[in-house]
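The values are calculated or read from the model by the stated rules, or taken from the named source; none is laboratory data. Please read these numbers as outputs of a predicted model, since none were measured by experiment. Here the Cβ is made from the backbone with ideal geometry for all residues, glycine too, and neighbour counts use every protein chain on show.
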Amino acid sequence: MTALTRIASLRRFTPATRARMLGIALFALAIIVVVGPFVWVLANSFKSPIAILTGAWSFTPTLDNYVDVLSSKRSDFVHALMTSLVVATTSTAIVVAIATLAAYSLHRFAWARWAVRALLVWTIAFHVIPIITMVGPWYVAFRDLGLYDTRTALVLTHVVINLPVALWLMMSFFRSVPPEIEEAAMVDGCHSLAAFWYVVLPLVVPGLIATGVLAFIFSWNEFTIALNLTSQANATVPVVVSKFANDYEVQYGPMAAASILATLPALMLMFFGQRFVVQGLTLGAVK
Amino acid sequence: MSLRDPRGDGVFSATFKYWSVAPAVLVLAALTVLPALALLRMSVSTITFSEGHEHWALTPARNFAALFTDPGLAATVVNTLLFVIVAVAIEMVVGLALALLVGGLARGKGLMRTLLIVPILVPPVAIGNMFKLMYNYDFGLFNQILGALGLPAVSWLGSTSLALWSIVLVDVWHWVPFVFLILFAAVEALPIDVMEAAHVDGANRWQMLRRIKLPLLMPAIVVALVFRAILAFKAFDEVYLLTGGGPGTSSELVSLHLYRVFFEQNQLGYGALLSVLTIVVVLSMLAAGRRVVVGAGAA
């Protein structure tokens with residue numbers, strides 16, 4: 001039986017069976033295309049240089065590449081890991097705090113329409129332009145201020161690149177809080193600050209988590225700014241990972257290991273905070 | 001709905017409306033408005049550093065003249081256009097097909113969505129490295145597959161005719177999930193009663209797709225298209241890692257070219273001028289896209 005007649009013979013299955021077969025085929029395809037590259041790179045990260053260069057499919061796994069990335073004197077990976085953790089955590093905390101406050105104010109109080117519009121138009125414009133266009137003036141300004149190659153510069157810029165999405169996300173989460181709840185709180189004698197803190201904020205905790213998780217991932221992944229506003233002392237994980245690919249003598253094994261290690265935090269957050277990530281990405285992409 | 005007269009207890013609470021937006025506005029003013037103004041000033045200046053001091057000189061004519069002597073600019077414009085059109089077209093078609101197919105699944109929609117979101121969350125630098133390994137001429141996965149099929153090995157990143165398309169493939173892998181995510185949400189929101197009515201009236205699958213689903217999905221399709229087309233200009237990390245714009249200028253894209261001018265050639269003034277032009281193009285696309293989106297019936 002040739003492949004063609006076999007495909008044509010799909011017609012003899014019931015629609016329900018065909019639908020299930022389509023589902024299985026889709027899953028298989030998605031797994032091969034999405035997970036395949038990770039598995040292949042993961043396998044290479046456990047190979048010796050010779051096994052990599054010969055493209056061997058069976059090999060004796062070794063941890064050498066990970067040891068090299070994590071503990072060799074040449075590698076800045078661990079230092080970069082600390083920098084990335086500090087920068088991503090700090091910038092996430094700041095951006096969630098200021099975006100939440102601003103979003104609540106815009107949502108709750110009677111602001112002039114032009115003011116809200118101006119803010120939204122400005123944030124969307126800033127969000128869509130290639131960030132490298134801003135890195136030039138940032139570079140000059142941070143040099144003037146003595147902030148070039150500091151974690152402060154990274155935190156500040158990561159706060160501002162995540163601010164637009166954080167603001168839109170929090171606004172849409174506040175919109176989903178029924179106004180009656182707040183009105184009831186105020187009737188019961190809460191002033192506006194207390195109503196915000198004790199009544200509304202607990203209701204948008206899922207929103208805070210979604211915004212926080214996304215801001216953390218985007219800060220963790222950010223490369224363009226970190227590449228140009230830092231040198232070796234404050235290089236983040238992406239900058240160090242990129243070095244593996246650009247050195248004159250490319251070390252393929254450590255390059256694979258470093259890429260896998262850099263991907264872990266995002267995958268872990270994805271695993272634990274999946275619901276929030278999906279919600280955040282969908283809202284952030286559509287709104 | 002706003003509460004126009006919130007009961008204020010104390011100054012802190014009475015001025016809550018104002019101080020709560022202040023931090024965000026300050027951050028935006030300091031890190032986007034001021035730098036945007038600085039960028040405009042830089043675009044007509046030449047900036048040099050000597051002994052730790054910067055020197056600014058007003059040289060608008062020189063910066064504009066540089067536009068015509070920049071050897072990589074023409075290639076960059078052409079590459080960027082090709083890249084945006086082809087990559088976004090493929091991403092839209094594949095993303096829409098996936099959204100419709102996954103939307104038709106009886107089970108496992110959530111799992112599929114989780115799986116398909118992964119590429120958006122992986123550090124682009126790691127994606128670049130992964131593909132650099134897979135594209136490797138000697139041992140990369142792609143050439144291994146070609147070899148297994150009895151085909152000759154291909155220089156994915158080293159050939160001037162192929163490098164840009166190898167970058168396109170990476171971008172497609174990275175961003176199909178984004179298109180899928182937007183369109184899948186829209187597919188899930190399709191009104192069931194309309195679908196059932198069409199079904200009862202005897203519409204076949206093609207008619208359902210062509211006459212019912214696609215028109216209803218059009219606003220979401222336009223939103224996805226506009227966003228992808230604009231955000232494609234941001235592509236930097238993967239190009240930087242995979243080809244560095246090469247061989248020659250065969251895969252140089254706008255963000256990478258700006259990086260080179262700013263930080264490899266140290267032409268801050270001319271880089272700023274190119275940046276301003278890039279921003280003008282991107283924002284014009286956004287404005288035009290907004291009109292189309294409004295025309296297509298989305299918010």
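The figures follow:
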read-out: Filtered residues of segment B:167-206 (kept if more than 13 Å from the chain's Cα centre (by Cα), over 24 Å from B:Arg113 (Cβ atoms) and either in contact (Cβ under 8 Å) with a residue 12 or more places away in the chain or outside any helix (DSSP H, G or I) (or both)); value: B:Ile167, B:Ala198, B:Asp201, B:Gly202, B:Ala203, B:Asn204
read-out: Test result for B:Phe142, over 30 Å from A:Arg18 (Cα atoms), aromatic (Phe, Trp, Tyr) and in contact (Cβ under 8 Å) with a residue 24 or more places away in the chain; value: no
read-out: Given (1) farther than 28 Å from A:Leu70 by Cα; (2) surrounded by 21 or more Cβ atoms within 10 Å (Cβ to Cβ); (3) more than 8 Å from every other protein chain (Cβ to nearest Cβ), index of the condition A:Glu222 fails; value: (1)
read-out: Test result for B:Ala235, facing chain A (nearest Cβ under 9 Å), buried (at least 24 other Cβ atoms within 10 Å of the Cβ), within 17 Å of the chain's Cα centre (by Cα) and of a type outside the set (Val, Ile, Thr); value: yes
read-out: Output for segment B:42-61, where each listed residue is surrounded by 12 or more Cβ atoms within 10 Å (Cβ to Cβ), assigned to a helix (DSSP H, G or I) and more than 9 Å from chain A (Cβ to nearest Cβ); value: B:Ser43, B:Pro60
read-out: Scope segment B:129-140; condition crowded, with 20+ Cβ neighbours inside 10 Å and either more than 23 Å from the chain's Cα centre (by Cα) or facing chain A (nearest Cβ under 7 Å) (or both); matching residues; value: B:Asn129, B:Met130, B:Lys132, B:Leu133, B:Met134, B:Asn136, B:Gly140
read-out: Members of segment A:266-282 found to be more than 9 Å from chain B (Cβ to nearest Cβ), crowded, with 19+ Cβ neighbours inside 10 Å and under 13 Å from the mean Cα position of the chain (by Cα), listed by number; value: A:Gly273, A:Phe276, A:Gly280
read-out: Any chance B:Ala126 is within 11 Å of chain A (Cβ to nearest Cβ) and assigned to a helix (DSSP H, G or I); value: yes
read-out: Subset of segment A:95-124 that is loosely packed, with under 15 Cβ neighbours inside 10 Å and either small (Gly, Ala, Ser) or touching a Gly at 6+ places or on another chain (Cβ under 9 Å) (or both) - its residue that is farthest from B:Leu286 (Cα to Cα); value: A:Ala110
read-out: Residues of segment B:261-280 satisfying the condition of being modelled with pLDDT of 95 or more and surrounded by fewer than 22 Cβ atoms within 10 Å (Cβ to Cβ); value: B:Val276, B:Leu277, B:Thr278, B:Ile279, B:Val280
read-out: Test result for A:Ala194, surrounded by 24 or more Cβ atoms within 10 Å (Cβ to Cβ) and not acidic (Asp, Glu); value: no
read-out: Positions within segment B:144-164 being of a type in the set (Gly, Ala, Ser), over 19 Å from B:Gly246 (Cβ atoms) and not in a loop (DSSP other than H, G, I, E, B), in sequence order; value: B:Gly147, B:Ala148
read-out: All positions within segment B:79-108 that are without any contact (Cβ under 8 Å) to a residue 40 or more places away in the chain and either within 14 Å of chain A (Cβ to nearest Cβ) or not β-branched (Val, Ile, Thr) (or both); value: B:Leu81, B:Ala89, B:Ala97, B:Leu101, B:Gly104, B:Leu105, B:Ala106, B:Arg107, B:Gly108
read-out: Subset of segment A:217-256 (residues that are in a helix (DSSP H, G or I), over 16 Å from B:Gly128 (Cα atoms) and polar (S, T, N, Q)); value: A:Ser219, A:Asn228, A:Gln232, A:Asn234
read-out: Any hit, segment B:64-71, residues being within 13 Å of chain A (Cβ to nearest Cβ) and either of a type in the set (D, E, K, R) or assigned to a helix (DSSP H, G or I) (or both); value: no
read-out: Hits in segment B:184-217 (condition: modelled with pLDDT under 90 and among the β-branched types (Val, Ile, Thr)); value: B:Ile192, B:Val194, B:Val200, B:Ile212
read-out: Single residue of segment A:19-61 satisfying the filter (farther than 14 Å from A:Tyr252 by Cα and not hydrophobic (A, V, I, L, M, F, W, C)) that is nearest to the chain's Cα centre (by Cα); value: A:Pro37
read-out: Number of positions in segment A:28-56 that are farther than 30 Å from B:Leu98 by Cβ and aromatic (Phe, Trp, Tyr); value: 1
read-out: Tally of residues being touching an Asp or Glu at 6+ places or on another chain (Cβ under 8 Å) and of a type outside the set (A, V, I, L, M, F, W, C) across segment B:124-141; value: 2
read-out: Qualifying residue in segment B:188-205 (condition: out of contact with any His (no Cβ under 7 Å at 6 or more places or on another chain), among the hydrophobic types (A, V, I, L, M, F, W, C) and within 11 Å of another protein chain (Cβ to nearest Cβ)); value: yes
read-out: Residue count for segment B:47-94, restricted to those that are among the hydroxyl-bearing types (Ser, Thr, Tyr), touching a Phe, Trp or Tyr at 6+ places or on another chain (Cβ under 8 Å) and over 17 Å from B:Leu258 (Cβ atoms); value: 0
read-out: Counted residues, segment A:179-199 - those being modelled with pLDDT of 85 or more and either within 24 Å of A:Thr89 (Cα to Cα) or outside any helix (DSSP H, G or I) (or both); value: 1
read-out: Filter result for A:Gly23 (surrounded by 15 or more Cβ atoms within 10 Å (Cβ to Cβ), at pLDDT below 90 and within 30 Å of B:Gly104 (Cβ to Cβ)); value: yes
read-out: Count of segment A:252-287 residues which are within 30 Å of A:Gly207 (Cβ to Cβ) and either at pLDDT 80 or above or not small (Gly, Ala, Ser) (or both); value: 21
read-out: Enumerated helices (runs of 4 or more DSSP H) restricted to segment A:45-135, each holding at least 2 residues that are within 8 Å of chain B (Cβ to nearest Cβ); value: A:49-53, A:77-108, A:113-128
